[in-house]
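What follows is one structure encoded as structure tokens, with my remarks underneath.
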Amino acid sequence: MRSCKEVPNNSVVFLRTGMDVPLDNGKITDPSRIEETRPTIDVLRTKGCKIIIATHIGRPKGKDSSLSAKPVADYLSQYYPVHFVPEVKGDAVHAAVQQANKADLIVIENLRYDEREEKNDAVFAQDLIRHADVIVQDAYANCHREHASMTGVTKYKPAFAGLLLEKELHMMKSLEHPAHPYVAIIGGAKADKLSTIRGLLKKVDTVLVGGVLANTFLKAIGKPVGNSKTDDTGLAEAKELYASGKILLPIDAVVAEKFAADSAAQVLPIEQIQHGMILDIGPQTQKKYIATLEKAKTIVWGGPIGVFEWPQFAEGTKEVAMAVALNPGFTLAAGGDSGAALVALGFKDNMSHVSTGGGVTLQLLEGKPLPAVVALEENAKQFHKEWNGTGADFTC
Ligand code: 3PG
């Protein structure tokens, strides 16, 4: 892989970013993913490049104005000269590139407004980069996706890694030879993380489980979970993974009558849960998890332990976040929600690294290659034959 520091001066750059920021009524509620991309933008601007900024936001089904990239363009315009084009490709993008001065930004619309992005359509990929000389890939958070702007475009023009992508892969390299005990905390609302746990079990000493995933494990081993959300398709696999002896599950929980911030709730030992929904771990589980975290020399954390956005279900995530932040070993948090929890609780600066990527980081932890990184390596062989190997060189 070559670094964006090697992009030729005065190029027109197609910069694929991961500016998939949370939006609330058109307002960006956490601009971290934009801020983290600014070093790449700054390097390209010092080279006099015109920069076409591309990102996806959310998962729109066609054109959905609530997921427009316009707020991203507005945010960037506090720092840079920005032209916003309400199209993903075509004449309007071409005209904006022509009109732009050196070092200007041209922000195009949400890539997923066109369904061909996720289908990795070859014609769409070529259209995206028609007006660019080179590609810079900086969307680390999306590198597990085989989409047109991720793995499609790199077949046609020279591509380089952005500084955020380099930094993220470099931090992940630190986990190749982790100090032990190595502990993973896997939580969050998505129940589909069993394959991540399977991969992690080969490397870690203990996995602490929270969120919806914990409910699935509890149910799988025959514990009562009331009306809690579970992933019943994963019960057999969860039971098999639990037999590894490396998985710690909640022994008590904060149980709500319904899924609402102001729901009546009580702390119950897991054995006593008859109905209601588990929305956080209880104090005994906190103690058990914290005792494990205190001994750890390496910790990776993906996903909040409870519904931390609602104060009465935030305690478990808070206590776990504090234990991770105070640990003097290598500590890495993956994903928007874990990052948001750390920022909200004021612990972000105590971490070795807070990654911009969630699913992608879990895929790497699972031991699977990232298609967009593989695509950059292929691109280097195809377009950079003269390369002497002095640029960024990360594999995973
Ligand atoms: C993320 O938020 O993890 C990335 O932007 C990927 O988004 P996706 O899961 O919608 O592909």
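The values are calculated or read from the model by the stated rules, or taken from the named source; none is laboratory data. Predicted model, so just to flag it, every value in this text is computed and none were measured. Note: ideal-geometry Cβ built from the backbone for every residue, glycine included; neighbour counts use all protein chains shown. Only protein heavy atoms, including side chains, enter the accessible area calculation; ligands, DNA and RNA are left aside. Shrake-Rupley method; radii C 1.70, N 1.55, O 1.52, S 1.80 Å.
The residue that is nearest to the ligand (Cβ to nearest atom), counting only those in region 54-70 that are touching a helix residue (DSSP H, G or I) at 6+ places or on another chain (Cβ under 6 Å) and of a type in the set (A, V, I, L, M), is Ile57. Of the residues making up region 163-201, those that are of a type in the set (Gly, Ala, Ser) and either surrounded by 24 or more Cβ atoms within 10 Å (Cβ to Cβ) or within 17 Å of the chain's Cα centre (by Cα) (or both) are Ala184, Gly187, Gly188, Ala189, Ala191, Ser195.
Which of the residues spanning region 144-167 are within 16 Å of the ligand (Cβ to nearest atom) and either closer than 19 Å to Val43 by Cβ or touching a Cys at 6+ places or on another chain (Cβ under 8 Å) (or both)? Once the filter is applied, which keeps residues that are within 16 Å of the ligand (Cβ to nearest atom) and either closer than 19 Å to Val43 by Cβ or touching a Cys at 6+ places or on another chain (Cβ under 8 Å) (or both), region 144-167 yields Met150, Gly162, Leu164, Leu165. Could you grab me the full set of residues in region 119-143 that are open to solvent by 30 Å² or more (accessible area, probe 1.4 Å) and within 21 Å of the chain's Cα centre (by Cα)? Listed by number, the residues that qualify are Lys119, Asn120.
Condition check ((1) over 23 Å from Lys155 (Cα atoms); (2) within 16 Å of the ligand (Cβ to nearest atom); (3) in contact (Cβ under 8 Å) with a residue 24 or more places away in the chain) across all residues:
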| position | (1), (2), (3) |
| --- | --- |
| Leu15 | no, yes, yes |
| Val21 | yes, yes, yes |
| Ser32 | yes, yes, yes |
| Arg38 | yes, no, yes |
| Lys50 | no, no, yes |
| Val72 | yes, yes, yes |
| Gln78 | yes, no, no |
| Val97 | no, no, yes |
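Of all the numbered requirements in (1) surrounded by 20 or more Cβ atoms within 10 Å (Cβ to Cβ); (2) over 18 Å from the mean Cα position of the chain (by Cα); (3) part of a loop (DSSP other than H, G, I, E, B); (4) not aliphatic (A, V, I, L, M), Phe160 misses one, and that requirement is (3). For region 118-139, filtering for residues that are within 16 Å of the ligand (Cβ to nearest atom) and closer than 21 Å to Val12 by Cα leaves 3. Determine whether Leu293 is more than 16 Å from the ligand (Cβ to nearest atom), in contact (Cβ under 8 Å) with a residue 40 or more places away in the chain, in contact with a helix residue (DSSP H, G or I) (Cβ under 7 Å, 6 or more places away or on another chain) and open to solvent by less than 40 Å² (accessible area, probe 1.4 Å). Considered against the rule, which asks whether it is more than 16 Å from the ligand (Cβ to nearest atom), in contact (Cβ under 8 Å) with a residue 40 or more places away in the chain, in contact with a helix residue (DSSP H, G or I) (Cβ under 7 Å, 6 or more places away or on another chain) and open to solvent by less than 40 Å² (accessible area, probe 1.4 Å), Leu293 comes out as yes.
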